[in-house]
1. Can you pull out the residues in the stretch 22-56 that are within 13 Å of the ligand (Cβ to nearest atom) and buried (at least 24 other Cβ atoms within 10 Å of the Cβ)?
2. Condition first: part of a loop (DSSP other than H, G, I, E, B) and out of contact with any strand residue (DSSP E or B) (no Cβ under 9 Å at 6 or more places or on another chain). Now tell me which residues in the stretch 22-42 satisfy that.
3. Which of (1) more than 16 Å from the ligand (Cβ to nearest atom); (2) at pLDDT 95 or above; (3) out of contact with any helix residue (DSSP H, G or I) (no Cβ under 8 Å at 6 or more places or on another chain) is the odd one out, the single condition ARG172 does not satisfy?
4. Tell me which residues, restricted to the stretch 72-127, are in a helix (DSSP H, G or I) and polar (S, T, N, Q).
5. In the set GLU60, GLU17, which member is of a type outside the set (A, V, I, L, M, F, W, C) and more than 26 Å from SER132 (Cβ to Cβ)?
6. Under 6 Å between Cβ atoms, which residue pairs at least 6 apart in sequence (or on different chains) link something in the stretch 2-21 that is within 10 Å of the ligand (Cβ to nearest atom) with a partner that is among the small types (Gly, Ala, Ser) and part of a helix (DSSP H, G or I)?
7. Would you pick out the residues in the stretch 57-71 that are surrounded by fewer than 19 Cβ atoms within 10 Å (Cβ to Cβ) and in a strand (DSSP E or B)?
Amino acid sequence: MIVAHLDLDAFFAAVEELESPELRTKPLVVGGDPHGRGVVATANYEARKFGIHSAMSCAEALRRCPQAVFVPPRHSVYREYSHHVWETVRGVVPTVEKTGLDEGYLDIGEVAGDFLVARKVAEAVQTAVRASTSLSCSLGVGPSKVVAKIASAGQRDAVPRALRRQAPARRRAEGRGAARRRRRRDDRGARDAGGRRPQTATAGEHGEGAP
Ligand SMILES: [Mg+2]
């Protein structure tokens, strides 16, 4: 089994920057009212330099960066971009399992026989997404969803990373029984990636690993 995890980089903020290029150089927070009880949905990388991150209160974000620009989320716009992204991805890897607008797993083993080829395919996905939407994404390749997700974390538009196995620290930390259960779970995940219809219910962003 070879699976890839795809994560669009700072998705909501990246879309707002595409829609209003003048925002690109400013600290940008997509989220609720900074003078009310709003929370940060996504911060662009400029805003992250001030320590602003997802799920932080917008009031706190404003305290950390008074010059930040706050815009409310526009989910219908993000859905449109997301639709284009996943259409593009399916043009390269037909079987995908979306776990959010900006995140999902690709059954890359279907089109790649080994990790070397899988990494090339992941790179082709990244290039195609950038070409069709101008959005950047991070990809990780692994023998299971868990490992693929670890491989994609913090990549931020870098060349896709492939991890052939789980990091040793974690394997040591879990007993043999747990490892067996995890493998079984991963196998189940692989079948799901092949058979289940893409999920569209989850509207929010997930797992923004990049700092
Ligand atoms: Mg993301």
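1. Correct list: VAL30, THR42, ALA43, ASN44.
2. Within the stretch 22-42, ARG24, THR25, HIS35, GLY36 qualify.
3. (2)
4. Correct list: SER76, SER82, THR88, GLN126, THR127.
5. Numbers: GLU17 fails: more than 26 Å from SER132 (Cβ to Cβ).
Only one candidate passes the filter, namely GLU60.
6. From the stretch 2-21, the pairs are ASP7/SER152.
7. Listed by number, the residues that qualify are SER57, VAL69, VAL71.
The values are calculated or read from the model by the stated rules, or taken from the named source; none is laboratory data. Quick caveat, the model's predicted, so the values are computed rather than measured. Reconstructed Cβ throughout: ideal geometry from the backbone, glycine too, with neighbour counts over all protein chains shown.
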